[in-house]
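Please read the structure below before turning to the comments.
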Amino acid sequence: MSCSRLSQVIRRGLEALAALSLMLMMVITFVDVVGRFFFSSPLIGSTEMIEVLLAVMVFMAFPLVSWQEENICVDLLDNVFPKRWVGLRQVVINLICSCSLILVAMMNWKLAGRSMEYEEVTEILELPLGYVTYLISITGFVGGLLTFFNALVYGKTLFSPSSTAQPLNTESKGV
């Protein structure tokens, strides 16, 4: 499997899981509202299901945001920064972000293990919270790795003959 094909599979998989969780939240909300209005019987545990699905949706999109560099940034120094150093700046920023994401993912992994050990569950449906925390950790690792690949791509452009670091998207990356 080529690198560009792999990047498309990763991107589409994360997008599909995020979209699926959003659709499930809409269906659960619809069923809950219809049940409350017409039958005076709400869907038991709907709030908990929506909370878990919201976490799934957010953290499935999280690596995509990091990878495509669509996160919020402040460009206070962009006009002052020399153009020839933009690629180096992007390498450093992506390396710092990658290390930060992986560090947070490692801490979440420990929290997930502790949550599983203590058998923490939601109040009504008794869904194990450790699995959701493991998911958050895994997506943090994926986001950190994809951000590290951004740093590698920017680093590659630094040493190529035409050293122009352009904003990247998943279609242009050779991940």
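The values are calculated or read from the model by the stated rules, or taken from the named source; none is laboratory data. Quantities reported herein were computed from a predicted structural model and do not represent experimental measurements. For neighbour counting, all protein chains shown are included, and Cβ atoms are generated from backbone atoms with ideal geometry for every residue, glycine included. Just so you know, the surface numbers come from the protein's heavy atoms only, side chains and all, with ligands and any DNA or RNA stripped out. Shrake-Rupley method; radii C 1.70, N 1.55, O 1.52, S 1.80 Å.
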message: Condition check: without any contact (Cβ under 8 Å) to a residue 12 or more places away in the chain and among the small types (Gly, Ala, Ser). Does Ser7 satisfy that?
response: no
- line: Filtering the stretch 49-95 down to residues that are open to solvent by 60 Å² or more (accessible area, probe 1.4 Å) and of a type in the set (D, E, K, R) yields Glu51, Glu70, Asp75, Asp78, Lys83, Arg84
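Just to be sure before I move on: is Val65 of a type in the set (Val, Ile, Thr) and under 27 Å from the mean Cα position of the chain (by Cα) in the structure I sent? Please lay out each step first, then the result.
On the way: of a type in the set (Val, Ile, Thr): yes; under 27 Å from the mean Cα position of the chain (by Cα): yes.
Judged against the criteria, Val65 is a match.
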query: Here are Leu22, Leu43: which of them is open to solvent by 70 Å² or more (accessible area, probe 1.4 Å) and not polar (S, T, N, Q)?
result: Leu22
message: Against the conditions (1) in contact with a Gly (Cβ under 9 Å, 6 or more places away or on another chain); (2) open to solvent by 50 Å² or more (accessible area, probe 1.4 Å); (3) not hydrophobic (A, V, I, L, M, F, W, C), where does Ser7 fall short? Just the number, please.
response: (2)
task: Starting from the stretch 13-31, keep only residues that are without any contact (Cβ under 8 Å) to a residue 40 or more places away in the chain, then list their pairs with residues that are outside any helix (DSSP H, G or I) and open to solvent by less than 70 Å² (accessible area, probe 1.4 Å) whose Cβ atoms are within a distance under 7 Å, requiring at least 6 positions of separation or different chains.
output: Ile28/Leu43; Val31/Leu43
field: Failed item, numbered, when Ser98 is tested on (1) within 26 Å of the chain's Cα centre (by Cα); (2) in contact (Cβ under 8 Å) with a residue 40 or more places away in the chain; (3) open to solvent by 90 Å² or more (accessible area, probe 1.4 Å)
entry: (3)
- request: Output the number of the condition that Ile138 fails; it satisfies all remaining conditions of (1) open to solvent by 70 Å² or more (accessible area, probe 1.4 Å); (2) over 11 Å from the mean Cα position of the chain (by Cα); (3) aliphatic (A, V, I, L, M).
  value: (2)
query: In this structure, does Glu117 turn out to be surrounded by fewer than 19 Cβ atoms within 10 Å (Cβ to Cβ), modelled with pLDDT of 95 or more and more than 22 Å from Arg11 (Cα to Cα)?
result: yes
field: Residue among Met49, Met106, Met116, Met57 that alone is part of a helix (DSSP H, G or I) and touching a strand residue (DSSP E or B) at 6+ places or on another chain (Cβ under 8 Å)
entry: Met116
